[in-house]
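Take a look at the structure below.
The values are calculated or read from the model by the stated rules, or taken from the named source; none is laboratory data. It should be emphasised that the depicted structure is a prediction, and the values quoted were computed from it without experimental measurement. Ligands, DNA and RNA are excluded from the accessible area calculation, which covers all protein heavy atoms including side chains. Shrake-Rupley method; radii C 1.70, N 1.55, O 1.52, S 1.80 Å.
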Amino acid sequence: MNSNLRYALRTLRTRPGFAGAIIATLALGIGASAAMFSLVDAALFRRLPFEDPDRLVVLWGVAGPERDVRGASIPEANDWRRYNRSLTDLSLYDETSVNLRTEYGAQRVEAEMVSAGFFQLLGVTAARGRTFLPEEDLVPDAHAVVVISDALWRERFGGDAGLIGRAITLNDRATTVVGVMPPAFRGLSFDTDVWFPTMLVSLTTGAGVVQSRGARWLMALGRLRPGRTMADAQLDFDGVAARLTEAFPQSNTDRGVQLLSMKENYLGTARTLLVVLFASVIVFLMIGCANVTGLQLVRATSRRREMAVRLALGADRGRLMRQLMTEGLILSILGGAAGTLVAYWTIDALRPFIPPGLLPGYVDVAIDGRVLFFAASLALITGVVCGLAPALMSTSQNLTDALKDGSRSASPGLGRIRRPGLQQLLVGAEVALALILLIGAGLMVRTLQSQLRVSPGFQADGVMTARLSLPARYTPEQRVAFALQLTERLDAIPDVASSALGSDLPLGGSSSASTFQLPGATETVRYYRHYVTPGFFTTLGIPVMRGRAFTAGDTRDSPHVAMLSEAGARRLFGDADPVGRILPLRSGAVTEATVVGIVGDVRFRDLTTSITAPGSEPDIFFPYVQRTDPDVQLAVRSRNGMLVPDATLRREVAALDATLPLHSVGPLASMVDQQTATARFGSLLLIVFSSVALMLAAIGLYGVIAFVVGRSQREIAIRMALGAGASTVRNLVVRNAMILVTAAVAAGLVIASFTAGVLASQLFGVTPRDPLVFSVVPIAVLAVGLLASYLPARRAAQVEPSIALGSE
C-alpha cells in the first residue's frame with residue numbers, strides 16, 4: 001500500500017495541471033454539496049430540542065374546501081382537547097409580545113400564551129421555581145403568573161435568585177414570576193422570553209375572547225398517544241370537527257382541523273425549496289464527477305502503452321488496479337479537503353442572502369461533525385466512482401493492440417466524437433443535467449420577475465415604520481388622543497411630509513378579519529378590517545379613486561363611515577356605485593357604516609394572493625377614531641426621500657408616554673423586499689449552480705473534442721491532402737459535436753418536463769413547463785456547446801498535412 005501511495009503521488013506530481021483540474025472540480029462539487037447539506041440537515045434532519053419530537057403535532061383550525069388556515073378560538077380548542085381520542089394532551093398556543101417595564105426602562109419582549117400543560121407536553125421543566133399549575137389556567141384573570149427565560153432573567157434581572165415569587169410589570173400589569181426556564185429552552189419560537197397562561201389572555205387582548213367561538217387566531221400543540229399515527233389522529237379530529245359543526249352550526253359550519261408534524265409547521269413550502277436546492281447541488285456534484293471521470297478516461301487512454309508494458313513485464317492486474325484507484329482516492333481526498341474550505345466560504349457567503357423567516361429559529365447553519373462526515377463520505381464515494389471506470393479500462397485492455405498503439409493504429413477517427421462511448425455518455429449527461437438545472441433557475445427567475453411586476457398598491461420608498469402597543473390603562477378615548485397627538489407631533493417635524501397610524505400596515509402580517517352579510521344576501525362575507533388615521537392613504541401613497549378619504553370631521557360621535565378597496569367594492573356591489581351604501585357590521589356597539597370612498601387595491605397579506613378573484617376577501621377601512629385597537633403600526637414619510645431616523649420616532653413617542661417601547665422599526669420598502677426574498681434566494685443559488693454546471697459541461701465537451709482531434713491528426717491530414725478545405729474539416733468536427741450536444745439537450749428537455757413540477761409550490765405567474773424557459777434555455781445550451789466545439793475544430797482545421805503525415 002505504501003508503495004502504491006508513493007508511486008501515485010510521484011505520478012500525479014508529473015501532471016500538476018491534470019491533478020489541479022480534478023482537485024478544483026471536486027472541491028467545487030463537494031464544497032457546494034456540503035454547504036447545502038449543512039442547510040438541509042439543520043432544517044430537515046436535525047432532531048428538534050424537545051422530548052420525543054416526532055410524536056408532537058400542531059393543530060390549526062381550517063375553513064372551506066381549500067382548508068384555508070384560520071386558527072382556533074379558545075372554546076373550540078378546548079373542545080378539541082375534550083373530544084379527541086388520539087392525543088395524550090393538548091395545549092393552546094399563541095406567539096405574541098408584551099411590554100416589559102423595569103427600573104431601567106421599557107422594552108418589548110417576545111412572549112407565548114400557553115396552556116398549563118404546555119411545558120409537560122414538550123418534556124421540559126423549570127430550572128428555577130416551577131411552571132404553571134392546572135388551577136392557574138382555569139378562571140380568567142384569576143392568576144397573574146408568568147415564567148421567564150434564563151436569558152431574560154440574567155440580562156434584565158441580573159440573575160437575581162430572589163426574583164421567584166416577585167412581581168414584574170408586563171403591559172402595565174403586575175405579574176408574579178413563578179419560574180425560570182433552562183438556558184437552552186426558548187419556546188416554540190426559539191426566541192421567547194415570557195410565558196403566561198391562556199386564562200391570562202387579557203394581558204394581550206380582550207377577556208371576551210375566552211367565551212367567543214368566532215375569535216379564531218390560536219394554534220394548538222398535542223402529543224400522539226402510543227400506537228397512534230398522524231393519519232389516525234387526522235381521522236379522529238375530522239370526527240371532532242363534524243361533532244362541533246352539529247353542535248355549533250353558526251360558528252363551526254365548514255370548519256375543520258388540520259394536523260401537521262412540527263417540522264411541516266415550521267417549514268411550510270420552504271421544505272420544497274430546500275429539497276430542490278439540495279437535489280440541484282447533488283446534480284451539480286454529479287456533473288463534476290462526470291467531468292472528473294472524463295478527465296480520468298483521457299488520462300487512462302494516454303497511459304495505455306504504459307499499462308501494457310507493465311502488464312507485459314509481469315505486473316499483476318489487481319495491483320495495477322489498486323494503484324490507479326489509489327491515484328483516484330488521493331485526488332478525491334485532496335478535493336474533499338479543499339471542498340471543506342469551499343463549504344466554509346460558501347456558508348459565509350450565503351448567510352446574508354438567506355431571507356428572514358425562510359428558516360425556523362432552530363436552524364443553525366454551520367460546519368460541524370455531521371457536515372464534515374458528509375463531505376468525507378462524498379470524497380470517498382467520488383474517488384471510487386470517478387476512478388473505477390478508468391482503472392477498469394486501463395487494466396482490461398488487449399496487450400497486443402495496446403503495444404502497437406502509438407502509430408497508425410492510434411487514429412480513433414473524428415466520427416468518434418458522436419459515437420456512443422463512455423466519454424460521450426458522460427459529456428452528454430453533463431449537458432443534460434446542466435440544462436435541467438438551468439430550466440429550474442429559469443423558472444425561479446421568471447417567478448421573481450412576476451412577483452416584481454405585481455404592484456403592491458402603495459409607495460414604499462421613503463417611509464419608515466414602527467410598532468407599539470398601548471396597554472390596558474388606555475381607554476378607547478385615550479388611544480384616539482394618543483394617535484392624534486403623535487401624528488400631530490410627527491407632522492410638525494420639518495423633514496416629515498406626513499404620518500399615520502393604523503391597526504396594521506400592508507405586508508405587515510397583522511391583519512384581522514371579521515364577517516357580515518349584506519341586506520338581502522345569503523352569503524356571509526369574510527373581510528379584512530383596517531383602522532387608520534386620516535393621513536394613512538396620503539402617507540402610503542394609496543390613491544383615492546372615488547368619493548373621499550377620512551377627515552378630522554369623522555369623529556367618535558359622527559355617523560360611522562368606511563372605505564373600500566376597488567376589488568372589495570366590485571366583490572360586494574359589482575358595477576353599482578358603492579359610495580353611500582350601508583355595510584352591516586358585527587363589532588360590539590357598531591352595527592353599520594356608510595361607504596364614503598374607494599381607494600386603489602392594496603396588497604396587505606402578500607404579493608401573490610389574488611385580491612380580484614371571485615370569493616376573495618375584501619379590505620375595508622375604518623377611521624381609527626371610531627374603531628380603535630391597542631396594537632398599532634406607525635408610518636412616517638419624509639420630504640426628501642430619506643428615512644426618518646428611528647431615534648426621532650422614539651423621541652416623539654417617549655414625549656407622550658415614556659413607558660411605551662417602540663419596536664419593529666424599519667423601512668416599509670424592506671417589507672416589500674421580504675415578499676420576493678425567497679424567490680431571490682432560490683434564483684441566486686440555482687443560477688450559480690446551473691451556470692457553473694454549464695461551464696463544467698462545456699469544459700468536458702471541449703476536452704473530449706480536443707482529445708479526439710489530437711488523436712486524429714493522421715485522418716485530418718489525409719482528408720486535407722485529398723482536397724478537403726479547412727472549413728470542411730472544421731464543419732465536420734462541429735457537426736459531430738453538435739449531434740452529441742443536441743441529443744443531450746433533447747434528453748434533458750424530456751427529463752426536465754417531468755421534474756419541473758417539483759418546483760410548482762415555489763412558482764408564481766409561470767407554469768412548470770413555461771414555453772419561454774423551455775425554448776430559451778436549450779438555445780443557450782446549444783450556443784455554449786457550439787462555442788465549446790468550435791475552438792478545437794478551428795485547431796483541427798489548422799493542421800499541416802505534410803507535417804502530420806511526415807511525423808508518421
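Tabulated data
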item	result
Residue-span extension gain [Ala760 to Phe248] - 0.36 nm each, minus C-alpha spacing	180.6 nm
Percent RCO, i.e. relative contact order, over the stretch 565-687, from Cα pairs under 8 Å lying at least 6 residues apart	20 percent
Overall Cα dimensions of the stretch 412-542 - principal axes, largest extent first, Å	92, 52, 27
Values of log10 I(q)/I(0), in the order q = 0.15, 0.22, 0.23, 0.25 Å⁻¹, for the stretch 206-276 under a Debye, Cα-only, solvent-free model	-0.71, -1.08, -1.11, -1.15
Accessible heavy-atom area order of Met642, Met545, highest first, probe of 1.4 Å	Met642, Met545
For the stretch 603-670, alpha-carbon Rg over 2.2 N^0.38 Å	1.48
Rounded, prolate or oblate (a/c below 1.5 giving rounded, otherwise prolate when a/b exceeds b/c) for the stretch 566-639 by Cα gyration tensor	oblate
Karplus-derived 3J(HN,Hα), 6.51/-1.76/1.60, for each residue of the stretch 50-61, Hz, glycine and proline x	10, 5, 6, x, 5, 8, 7, 10, 9, 10, 10, x
Principal axes of the stretch 590-706: Cα extent on each, largest first, Å	80, 44, 27
Phi-based couplings in Hz for the stretch 347-360 (Karplus 6.51, -1.76, 1.60; Gly and Pro marked x)	5, 4, 6, 6, 3, x, 9, 6, x, x, x, 5, 10, x
Average Cα contact separation per residue, the stretch 500-560, under 8 Å, 6 or more apart, as relative contact order %	31 percent
Mean separation of Cα contacts under 8 Å, 6 or more apart, over the residue count of the stretch 38-177: relative contact order %	17 percent
Potential lengthening between Ile582 and Arg85 on full extension [0.36 nm per residue; Cα-Cα distance subtracted]	174.2 nm
Where Ile705, Ile611, Ile739 fall by accessible area, highest first, once all protein chains stay in place (1.4 Å)	Ile739, Ile611, Ile705
Dmax and Rg, reported as Rg then Dmax, of the stretch 454-528 (C-alpha, Å)	16.8, 52
Three-way shape call for the stretch 25-162 based on the alpha-carbon gyration tensor, with the a/c threshold at 1.5	oblate
Inverse mean reciprocal Cα-Cα distance (Kirkwood Rh) of the stretch 118-272, Å	18.1 Å
Calculated log₁₀ intensity ratio I(q)/I(0) where the Debye formula runs over C-alpha points of the stretch 169-228, q = 0.14, 0.23, 0.28, 0.31 Å⁻¹	-0.61, -1.15, -1.25, -1.31
Whether the stretch 538-601 is rounded, prolate or oblate, judged on the alpha carbon gyration tensor where a/c under 1.5 counts as rounded	oblate
Along principal axes, Cα extents of the stretch 154-193, largest first, whole Å	25, 23, 17
